[in-house]
Amino acid sequence: MTNAHARVFSGVQPTGNLHLGNYLGAIKRFVELQERFDCLYCVVDLHAITVWQDPAELKRSIREVAAAFLAAGVDGEKHIVFNQSQVSAHAELAWIFNCVARLGWLNRMTQFKEKAGKDRENASVGLYAYPNLMAADILAYRATHVPVGEDQKQHLELARDIAQKFNNDFSKSIAENGLPEKFFPQPEPLIAGPATRVMSFRDGTKKMSKSDPSDASRINLTDDADKIAAKIRKAKTDPLPLPETVEDLKTRPEADNLVGIYAALADTDAAAVLAEYGGAQFSGFKQALVDLTVAKLSPITAEMSRLVADPGHIDRVLVSGAERASVIASETMRNVKDIVGFVRGA
Ligand code: AQP
């Protein structure tokens, strides 16, 4: 049963190489949340272009992310699946939030620092303002809950700060327009379970990422069983057997990562995995992980390729999703424009 006042919004960037981290940290959770919430799942193409995207490749990636949502079990009829660029409220509200958020807040965002790297002068303005657009994505629907991986927690905190500052700055106007005092809700992060941060197979201290130049660092959602097996077998580990306790995983990042992935795929926790494999050599555990990963991902990858081969179907889902999303977001924008003091005209 869904809770009428609770709405979930989340997004994935169409930047190629969808991977196991995106699946376990986001898409798998999207499916689970459909039972309890009204959900909007967005292919965030406006975010993608904060770094250069080849237009033909971007089109392919947008459909691939939508296909991954559907193949994993997201219901595009009961819930809303769409791409961000097709609902103009995202960009409009982001501009208003550019004028609410403070430079000091954005200067603290660690993802900008990581992504811009040393060549900060050359980063796009969009990459810097990215968290304001993310706040707009969520608040355009007045979403109350946002499933995200650990890496996005700081951006969600910024969205909460923006919501609060907007409500405070415009409290008089909100009341004069007959709107609720807390016009924008405080969106809550939904970060739960193992593997909220899946790490690279080449370096257990770096997150698994689409943009990592090493393909061996991640399992792509398009990898076949042989590739999955080869990547898991080659995944970096230390020379010791698997630890016996969860406490001992803390100093063993690679073991921690593989045990976390196993636990997330098996819908259990690290303690249960160690109860079975604690003290075992990595070779045996890796084989069990290969079998589990292939069993869980193969049906999804097969369905993804079937869907990608029929772009007409994906496009219909996206068009219908954008229409339904626009109805919700345009009501928010009408209220926001009144609150800010823009004149509607006759
Ligand atoms: N390694 C990860 N472990 C768990 N969750 C992850 N997510 C991403 N990487 C991991 C979650 O996936 C969702 C979509 O992410 P995104 O594509 O919008 O952006 P991202 O976090 O920047 O993803 P990548 O893969 O790291 O892409 P690049 O390399 O382009 O920066 C989010 O909920 C995210 O938490």
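What follows is calculated from the coordinates using simple rules that are stated; it is not laboratory data. Because the structure is predicted, anything quoted here is derived from the model rather than measured. As a convention, Cβ positions derive from the backbone with ideal geometry for all residues, glycine included, and neighbour counts pool all protein chains shown.
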Task: Cleavage-rule hits (GluC sites (Glu not before Pro)) in region 224-308: DSSP loop, at most 15 neighbouring Cβ within 10 angstrom - done: E244
TODO: Could you work out how far apart the two model spin labels at D291 and T245 are, taking each label as a point 7 Å from the Cα in the direction of the beta carbon, and quote it in nm?
DONE: 2.9 nm
Task: Ranked list, fewest to most other Cβ atoms within 10 Å of each Cβ, for W105, W52 - done: W52, W105
Open item on the list: Can you give me the long-range amide H partners of E188? Hydrogens built in the peptide plane at 1.01 Å from N, cutoff under 5 Å, separation of 5 or more residues or another chain.
Closed with: H145, V146
Task: Compactness of region 80-220, expressed as Rg and Dmax over alpha-carbon positions, Å - done: 17.2, 58
Open item on the list: Projecting each Cα onto the charge dipole of the chain (Lys/Arg +1, Asp/Glu -1 at the beta carbon, about the Cα centre), which of A322, L292, H79 comes out farthest on the positive side?
Closed with: A322
Task: Dipole in debye (nearest 20) - the chain, about Cα centre, beta carbon charges: Lys, Arg +1; Asp, Glu -1 - done: 620 debye
- [ ] With springs connecting C-alpha atoms under 10 Å apart, model the chain as a Gaussian network and identify which of P299, P131, P253 has the largest mean-square fluctuation.
- [x] P299
Task: Greater than 25 Å apart at Cα, pairs in K59/K118; K118/K153; K153/K250; K115/K153 - done: K59/K118
- [ ] Grab the DSSP H runs of the chain that are 4 residues or longer, score each as -39,500 (n - 2.57), total them, divide by all residues and round the 222 nm result to the nearest 500 deg cm²/dmol.
- [x] -16000 deg cm²/dmol
Task: Cleavage-rule hits (GluC sites (Glu not before Pro)) in region 150-243: DSSP loop, at most 11 neighbouring Cβ within 10 angstrom - done: E181
- [ ] Work out the FRET efficiency for S283 and N107 from their Cβ-Cβ distance, taking R0 = 56 Å, and round it to the nearest 0.05.
- [x] 0.75
Open item on the list: Using 10 Å bins from zero, what percent of all Cα-Cα pairs in region 215-306 falls into each bin?
Closed with: 17, 50, 27, 6, 0
Open item on the list: Between V319 and E57, what's the calculated FRET efficiency when r is the beta-carbon distance and R0 is 22 Å? Round to 0.05.
Closed with: 0.55
Task: Cα-Cα P(r), the chain, percent of pairs per 20 Å interval - done: 29, 56, 15, 1
- [ ] Treat each spin label as a single point 7 Å out from the Cα along the C-beta direction, and report the K115 to S330 distance in nm.
- [x] 2.9 nm
